[in-house]
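Okay, structure first, notes after.
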Amino acid sequence: MKKVINKLIFIFLLLPLLTGCEKDKEIVVVEPVENYTQLYGLGTIFSWDSNAPTELKLTEPNTFTIDKVIKYSEENKQFKFILEKGDWDKVRYLVPTSTDDGTAVKVITPGEYDMLICSEMTGDLRDHFWGIPEGSDGTYRITVNVKKLKLTLEKISDETEEPEPEIKTIYGLGSAFGWDSGSATGLVPDPLYANVYKAEVNLVYSEENKQFKFILEKGDWDKVNYLVPESVDYNGNVKIVTPGEYPMFKCSEMEGNLRDHFWGIPEGADGKYILTVNTETMILKVEKVVKTIYGLGTAFGWDSGNPTGLIPSPDEEDIYTAEVDLNYSDENKQFKFCLEKGDWDKVNYLVPESVDYNENVKIVTPGEYPMFKCSEMEGNLRDHFWGIPEGSDGKYKLTVNTKTLKLKVEKIN
């Protein structure tokens, strides 16, 4: 009985020590086991939208880096990180393990720091950030190892202006592209010339007529740079353009010179256009795509992805002509037509309505002939051609009416 009492007294004496250890217990960081391929920044130096955050560059497995200008502010919520894009309550955050008394910020200088993962989903969300001391503005390299939950901050210069970003592409906004600057449509970089970008778009006149303008990066409307007309002449915010070249003006809300201006087209000028933007010369080139049809066969070539175009009539819609040399052969597959460029099974063809030679050729002499429209897509493809009689070689003029589906054949010599 005496031994039992002594043990109870010993445990009782240990209780204060055990509770004291509980108070002083440090946060235990549990190392995650998954491998990470993406990491995003939020805060003053990045973005505040967890659906459109700033992506850091993956440099090694689970390690990300970015160089950013950091300027002290009174709020000083410079940055934190998220592991995925999404609504604020559906993503996981990387934040400081502790903050300075009475604030939501941990002020840090160059060095290495622990991080913790938290989220609304797990009920432990902390809306905390890292900041910098007053008077320490400059360009910093931020490196994050997500696997080890380590943040490394390195000051690389006293420069406080962000360098001009490398432009990988530019983006279109307006009726022709869409209106969301956060998920704008990219133009295609020219493979031969730096700083040149192209887009092929359908432009349809409207009373508002805000057809297009450009931005140099995706983001909130007040966080991106715009390329707009140098001047406007319609509705106070639109520059009417026809095929030609036009100067552009770079502006932004950040620079305090934002102009919400667009290019438009004249009424009655609807159609497909090619827009070429040169960000070095600040010139926009507008070209209207002339609708045509294409020839295939011995007289034209065989590649439906790069066929020879016929000449549209300047006076009548739906009329196209070509002058070709036709030379009889045993196969005699002289010509047929396709309505667009593309893979053989992705285009529409105009072929003879009937054939009378080799089971795939219609022999024609000068005159008019009905055509049949077919395609693999419609399940009615006919690999048929027009040919000529033996001994009738020469230059011919072919006139195609895509509205009446009539072919006119004329021998020139």
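Read the figures in this text as sums done on the coordinates, not as results from a lab. In this text the structure is predicted, and so the values were computed from the model without any measurement. Neighbour counts are summed over all protein chains in view; Cβ atoms, including those assigned to glycine, are modelled from backbone coordinates with ideal geometry.
Summary table
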read-out	value
FRET efficiency for D393 and V289, using Cβ-Cβ distance with R0 set to 30 Å, rounded to 0.05	0.30
Rel. contact order, % - alpha carbon contacts under 8 angstrom, at least six apart, the chain	8 percent
Amide proton proximity set for T54, modelled H, under 5 Å, gap of 5+	G41, S47
Whole-Hz ³J(HN,Hα) from phi, Karplus 6.51 cos²θ - 1.76 cosθ + 1.60, for the stretch 171-182, glycine and proline x	10, x, 10, x, 4, 6, 10, x, 10, 8, 5, x
Coordinate range along principal axes, alpha carbons of the stretch 171-288, Å, largest first	37, 36, 24
Label-point gap, in nm, between D315 and T242 - each point 7 angstrom along Cα→Cβ	2.1 nm
Sum of side-chain charges, G123 neighbourhood, beta-carbon under 15 Å (Lys, Arg +1; Asp, Glu -1)	-1
T97/M254 FRET efficiency (R0 35 Å; Cβ-Cβ; nearest 0.05)	0.55
Zone of V69's modelled label, taken as backbone nitrogen in the stretch 210-233 under 15 Å from a point 7 Å along Cα→Cβ	223-225
Value of Rg/Rh across the chain [Cα atoms, Kirkwood radius]	1.24
Two-site FRET efficiency, Y234 against K346, from Cβ-Cβ distance with R₀ of 35 Å, rounded to 0.05	0.35
